[in-house]
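Each remark here refers to the structure printed beneath this line.
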Amino acid sequence: MSGTSADGIDAALVQIAPGKPLPRLRLLHFRQTPFAAERRAEILACAGPPEGTVDRVCRLNAWLGEAFAEAALGCLREAGVSPQEVTLVGSHGQTLHHQPPGPGPAAPPATLQVGSPALIAERTGITTVADFRPRDMAAGGEGAPLTPIFHAALFRVPGRARVVLNLGGIANLTYLPEGAGTEGVLAFDIGPGNVLLDALAARVSGGAETCDRDGALAGRGRIAPTLLARLLLHPFLRRRPPKSTGRETFGPAFLEEILAWQEARGVTPPDLAATLTALTARAAFDAVTTFLPPGAADLLLCGGGAQNPALVKALAEACPTLRCLMTDEAGFPARAVEAAAFALLAYLTATGHPGNIPAVTGARAPVILGSITPGRTLPRLPLPEA
């Protein structure tokens, strides 16, 4: 631990044996590691006064934990299922920051998802698995994407190669060669999905809209070819996998940067929306043709962007060799794919099985993901077949 004084790290090696009424403990070793002055200053700066960032993050973490718990309980009420019948909750949490491995020690990998699993477990009574990304990053991986193992379980089929495209804020794709299991599966983030369109819609509407609903804004515009060409030169789009990204790269700040470009001057909001929609579609096409083996037959769409007709149309036009369809048509509702994936990952964690795919994230090895917060009782699960 490191205490309030933030003067260093205390580590104790303790042997624990059964005992009544409490276990017996024996200290085997103790070590103190002081912090360098600049590290201590950074800790104290982050742990600032009540109005500082740490206070806001802590409060958000608690509020989201309550909100996630209520969402789980509400889902159970609607389904007519008692919490006592549920073994695990898998919670990805809300990402506040995602910094995948960088080129050197100046950019150490870091990720933060908030939404207190302790509150989820306490409110629901169900053992909760959360914080999935950090273990993969500790093993040298990007920490994302983590859903490909679910895509492989649900959508991989004999005799037909497929691509699953998740259109969240960030778009990511999974390549599923014909067959079964995870061997040969490839996946990575391709760039912006909805995040830039969401930021534009909020800007144009003065905050009244949070997305380009039904693609209405883009539908009134025309693509600005010079601007699109510059956007397609973004270094992330050209970087080889494994790779992941987030709002840090493609968030509202990037939209403001775009608006300052010479190529964006005079471009109307509808034209900009049409151009950003085309960016996602072209990035998907370029990723498929540049980084994936040839021969995929289907492009299965899921995520919020799959509800945007303008984006779906742009994808179908950009990827004419692929049959473009919703995952609903492949057997699983598009809107539920992401949440269900973390139920599977929670199950794998609780049964002692890795949830990452090293070929996808770049991790050195398969690892068991996440942290487990017990509910009223710890679950006893049968191990899945190897």
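Just so you know, all these numbers are worked out from the coordinates, no wet-lab data involved. The structure presented is a predicted model; accordingly, all values stated were derived computationally and were not measured. No Cβ is skipped: glycine too gets one built from the backbone with ideal geometry, and neighbour counts run over all protein chains shown.
The table for this structure:
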{"quantity": "Convex hull of the chain built on C-alpha atoms - directionally averaged projected area, nm²", "calculated": "23.3"}
{"quantity": "Net charge dipole size for the range 285-386 [Lys, Arg +1 and Asp, Glu -1 on Cβ; Debye, nearest 20]", "calculated": "400"}
{"quantity": "Cβ crowding within 10 Å averaged over residues, with 140-153, 357-370 ranked highest first", "calculated": "140-153, 357-370"}
{"quantity": "Counted charge near Asn172, where neighbours are those whose Cβ lies closer than 10 Å (Asp, Glu -1; Lys, Arg +1)", "calculated": "0"}
{"quantity": "Linear extension gain, Thr377 paired with Glu78, 0.36 nm per residue minus alpha-carbon span", "calculated": "105.2 nm"}
{"quantity": "Between helix 337-350 and the chain: long-axis angle, C-alpha atoms, 0 to 90°, nearest 10", "calculated": "30"}
{"quantity": "The range 186-282, dipole about Cα centre (Lys/Arg Cβ +1, Asp/Glu Cβ -1), debye to the nearest 20", "calculated": "380"}
{"quantity": "Lys/Arg +1, Asp/Glu -1 at C-beta; the range 95-179 dipole; positive extreme among Leu96, Ile170, Leu119", "calculated": "Ile170"}
{"quantity": "Angle in degrees between helix 269-291 and the longest Cα principal axis of the chain, rounded to the nearest 10", "calculated": "70"}
{"quantity": "In degrees, nearest ten, helix 309-318 long axis to first principal axis of the chain (Cα)", "calculated": "70"}
{"quantity": "Theoretical FRET efficiency, 1/(1+(r/R0)^6), r = Cβ-Cβ of Ala62 and Arg203, R0 22 Å, to 0.05", "calculated": "0.15"}
{"quantity": "Packing-based ranking, highest mean first, of 293-299, 126-132, 343-349 given that Cβ atoms within 10 Å are counted", "calculated": "126-132, 343-349, 293-299"}
{"quantity": "Dipole of the chain, positive direction: furthest Cα of Pro358, Pro23, Ala152, with charges on the beta-carbon", "calculated": "Pro23"}
{"quantity": "Counted charge near Gly143, where neighbours are those whose Cβ lies closer than 10 Å (Asp, Glu -1; Lys, Arg +1)", "calculated": "0"}
{"quantity": "Point-charge dipole on Cβ atoms (K/R +1, D/E -1) for the chain, about Cα centre, debye to 20", "calculated": "620"}
{"quantity": "Within-14-Å neighbourhood charge of Arg240 [Cβ basis; K, R +1; D, E -1]", "calculated": "0"}
{"quantity": "The range 178-211 and the range 1-26: distance between their alpha carbon centers, rounded to Å", "calculated": "44"}
{"quantity": "Ranked Met1, Met326, Met137, criterion: other C-beta atoms within 10 Å, fewest first", "calculated": "Met1, Met326, Met137"}
{"quantity": "In nm, spacing of pseudo-spin labels at Ser2 and Arg335 (7 Å Cα→C-beta vector)", "calculated": "4.4"}
{"quantity": "Relative contact order, percent, the chain [alpha-carbon distance under 8 Å, six or more residues apart]", "calculated": "19"}
{"quantity": "Mean ellipticity per residue at 222 nm, deg cm²/dmol - from DSSP H runs of n ≥ 4 across the chain, formula -39500 (n - 2.57)", "calculated": "-11000 deg cm²/dmol"}
